[in-house]
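Just below is one structure, and these are the notes that go with it.
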Ligand SMILES: Cc1ncc(C[n+]2csc(CCOP(=O)(O)OP(=O)(O)O)c2C)c(N)n1
Ligand SMILES: [Mg+2]
C-alpha cells in the first residue's frame, strides 16, 4: 500500500554529503516528493552542532521506506534517520 | 614530527601493518613514489594496468583477510581502477585505494589528467575522501582502514591532490576514530537469537545457506558447530564456498543458476532456511516468487540494508556472523534430521554432478585433474564464464577462501591479476588461476607482473575458442546465433614464453595429468593452454526467470523457454 512518509535525517556537515544522499535516491530508484535542508545552527538546538538536517517526503510502501531508511543510514556521514508520522496519521 | 603528505601516506600504511601495495605511477603521484625508498620494509608490486592493481589488492585481501591496498595516479590511473574497485565493492572486500589528484588550485578547471575521482567512485565505494589539507591526511587514512575492514567490509578511496602530498605538516597517527554515523552492530539482538534458535529446534527440514560473510567474520567454526549440533545440512553461495568443508557429510554444495540440482532441490524442499552472511543474489535465488516456497527464513547479516531487500524474512538478525552463530549454537537442542538427510542423500545420488563420456578434452575433466593433482590443497582463482562455474562445481573446497572468484560483478579479467595478489599474500600456497581464453585476454599483460615479481602462479587456460558463457546463452535462448562470441586467441604458450614463463599446450586427455605435474614441479610460474571441446555447456542450469526447482540437468538445446 502506497502512502506518504516523512524521514528526517541528520548528516555531518561536510562537503558532498547531500550528493551522497541524492545518489542513493537516484540509484535505488526512490521517488522523492519534497526535500528540505537546513543547517542545524538555525534550529537553535545546542545538542545539534555541525549537523545538517534533511527532511524528506516520499511516497511508497512501508517496505520501500524501510529500505530507503536503511540505505540512507548506511552512508557514513549520515548520523541518524528517523521516520515521523505523516499528516493524518496518529 | 614534521612530514610531507607523501611520507604521511607511507607512515600511516605502516601503522596499519600494510606489507604490500599494488600500484602504477604517474605525474601527480610521483611525490608518493619518490619517498618509497625511505621505507624499504614496504613492498610495491608494479602492475601493468591499474585494473590489475585493484584486482591484485582484492585477491590479496580475500586470501589473507587483511586490507588490500592499491594506488594510481590522477585521471586515467584513477579511472582504470574503477572496475577493480567496483568488483571489491560488490563482493565486500576490504580495500583502500589511494589516488593522486591535480593540485588544489586547479581542481575544477579540467586541468590535465583531472577527473572527479570521488564523484566517479561515490556509488562504488563504502566511503571516499578528497583530502584538502595535509593536516587531515593521517586521520583520513586511519578512518579509511577502519571503514574498509570493519562492519560489512568494502573499498574506501582516498584522493589526494599533489600539493597536499608535497606540503609538510606535524604528523601523529590518531589512536581512535570518531565517526558518529558509523556504528556497525556486531551482537545479535538476544530476543531474535532466541526466536531463531526456537525455530531451528522445531524445524523438520532446516537448511543453512552460508555466504561470504562467514569467511569475512571468521565464523567457520561456529557454522560447523551449528550444523553438527542440530544435524543441519549446509549449502553455500558461490562466494561462500569453502566456509563449510565440502567433504563434510552435511555439505550439499552450491545452489543457484549453475548449482548442483540436489542443492537446488534442498532449497526447494526445506522448511527453514538459515541464511548467514549472504544477500539473496538473483543468480542464487532464481525467480524470487519460487524461492524456497516451503520455508521460513532466518537471515543473519551485518548489513541491515540487506535484510528484507530481496526475500521476505521471518527472523532478521543484524550482527557479526561469528557472534550471532556463537549465540545461536548455545541454544540448539541436539537432534537428528535423519529423514531429511536421507532425502537429500537420495537427491544427490539421483542427480550427481558428473562429467559426460566424451572422446575429446572436456573442461570439467581438466578441472577435476587439477583438483586431484593438488589434493585439494591449492587456492583456485578464476575468471568469469563457464570455466568459473566448472571450477566451482568440480573441485571440492574444504578450506575457507580456497576459491577466489568474482561474484557480484562477474568481472572477466579478474583471474590473473587476482592471482598476483593471492600469491603475494600466500607465497607458500599453490595458486592455480583457472581462466577462460576470453577472460585471460582481458588482463593477460599481468604476465609481466608475474614475471617481474617471480610469482609461482600456475595458469590453466580453459581454451574453448569462445566467449563460452555468452555462447551458451545464444545457443539456448537465441537459436544458436553465435554473434560476436567466437574468439581467436594468440598462441598462449608463446605469449608466456615471451615473458620468460614456461608453458605447454594440451589437446588430448592423455596430456592433462603430465602437464599438471610438470607445472607443479616448476618453482616459478607455468602456463597450460588446455584446448577443450568448444561447445560444451554448463549444467545443471536454472534458466533465467525460472525457480530453482525447475533446474535443467541435460542439454536440451533450443528447447528452453525463457
Ligand atoms: C568485463 C566483462 N565483459 C563482459 C562480460 C560478459 N561475459 C560473461 S561470461 C563471458 C564469456 C567469458 O569467456 P571466457 O573467459 O572465454 O570463459 P568461458 O565462458 O568460455 O569459459 C562474457 C563475455 C563479463 N562478465 N565481464
Ligand atoms: Mg572461452
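FYI, it's all coordinate maths here, none of it is from the lab. Because the structure is predicted, anything quoted here is derived from the model rather than measured. Methodologically, a virtual Cβ is constructed for each residue, glycine included, from the backbone with ideal geometry; neighbour enumeration extends over all protein chains shown.
At a Förster radius of 25 Å, what calculated FRET efficiency corresponds to the Cβ-Cβ distance of residue B:1 and residue B:30, to the nearest 0.05? The computed FRET efficiency comes out at 0.65. Between helix A:62-74 and chain A there is an angle of about 30 degrees, using the helix long axis and the longest principal axis of the Cα atoms. For the pair the range B:1-55 and the range A:1-77, the centres of their Cα atoms are 37 angstrom apart. Residue by residue along A:64-75, Cβ atoms of other protein chains within 10 Å of the local Cβ number 4 on average. Per-residue ellipticity at 222 nm, computed for chain A from helices alone with -39500 (n - 2.57) per DSSP H run of at least four residues, works out to -8500 deg cm²/dmol. Per-residue extension of 0.36 nm, minus the Cα-Cα distance of residue B:491 and residue B:314, leaves a gain of 58.2 nm for this segment.
Residues B:71, A:1, B:42 in ascending order of nearby Cβ atoms (within 10 Å, fewest first): A:1, B:42, B:71.
For the range B:354-539, the Kirkwood estimate of hydrodynamic radius, built from reciprocal distances between every pair of different alpha carbons, is 16.2 Å. Summarising the label geometry, the points placed 7 Å from Cα in the beta-carbon direction at residue A:50 and residue B:19 lie 3.7 nm from one another. Think of it as helices only: each DSSP H run of n ≥ 4 in chain B is worth -39500 (n - 2.57), and spread over all residues that comes to -10500 deg cm²/dmol at 222 nm. What shape does the range B:267-363 have by the C-alpha gyration tensor, where a ≥ b ≥ c are the square roots of the eigenvalues, rounded means a/c under 1.5, and otherwise prolate means a/b greater than b/c and oblate the rest? Because a/c hits 1.5 or more and a/b exceeds b/c, the range B:267-363 counts as prolate.
Given R0 = 51 Å, the distance between the Cβ atoms of residue A:57 and residue B:135 translates into a calculated FRET efficiency of 0.80. Which residues does a label at residue B:201 reach in the range B:285-325, if reach means a backbone N under 18 Å from a point 7 Å past the Cα toward the Cβ? Within reach of a label on residue B:201: B:298, B:315, B:325. Please report, to two decimal places, log10 I(q)/I(0) for the protein assembly as shown at q = 0.05, 0.09, 0.10, 0.12 Å⁻¹ as given by the Debye formula with identical point scatterers on the Cα atoms and no solvent. The Cα Debye sum returns log10 ratios of -0.24, -0.80, -0.98, -1.35. The label-point distance for residue B:454 and residue B:111, in a model that sets each label 7 Å from Cα toward Cβ, rounds to 4.1 nm.
For chain B, what's the relative contact order in percent, using C-alpha pairs closer than 8 Å and at least 6 residues apart? Walk me through the numbers before you get to the answer.
On the way: 1312 pairs, mean separation 79.6, N = 562.
For chain B, the relative contact order is 14 percent.
Counting only other chain Cβ atoms within 10 Å of each residue's Cβ, the peptide A:10-20 averages 2. Which of rounded, prolate, oblate describes the range A:3-84, given a ≥ b ≥ c as roots of the alpha-carbon gyration tensor eigenvalues and a/c under 1.5 marking rounded, otherwise prolate only if a/b is larger than b/c? Prolate, since a/c reaches 1.5 and a/b exceeds b/c. The modelled label-to-label distance between residue A:4 and residue A:19, using points 7 Å beyond Cα along the C-beta direction, is 3.2 nm.
For the range B:183-301, pairs of C-alpha atoms spaced more than 17 angstrom apart make up 52 percent of the total.
A protection proxy built from the mean count of other Cβ atoms within 10 Å ranks the segments B:177-184, B:440-447, most packed first, as B:440-447, B:177-184.
Take B:292-305, B:254-267 and order them by the average number of nearby Cβ atoms within 10 Å per residue, most first; the result is B:254-267, B:292-305.
Using a ≥ b ≥ c from the Cα gyration tensor of chain B (square roots of the eigenvalues), is it rounded, prolate or oblate, where a/c under 1.5 gives rounded and otherwise the larger of a/b and b/c decides, a/b for prolate? Oblate, because a/c is 1.5 or more while a/b does not exceed b/c.
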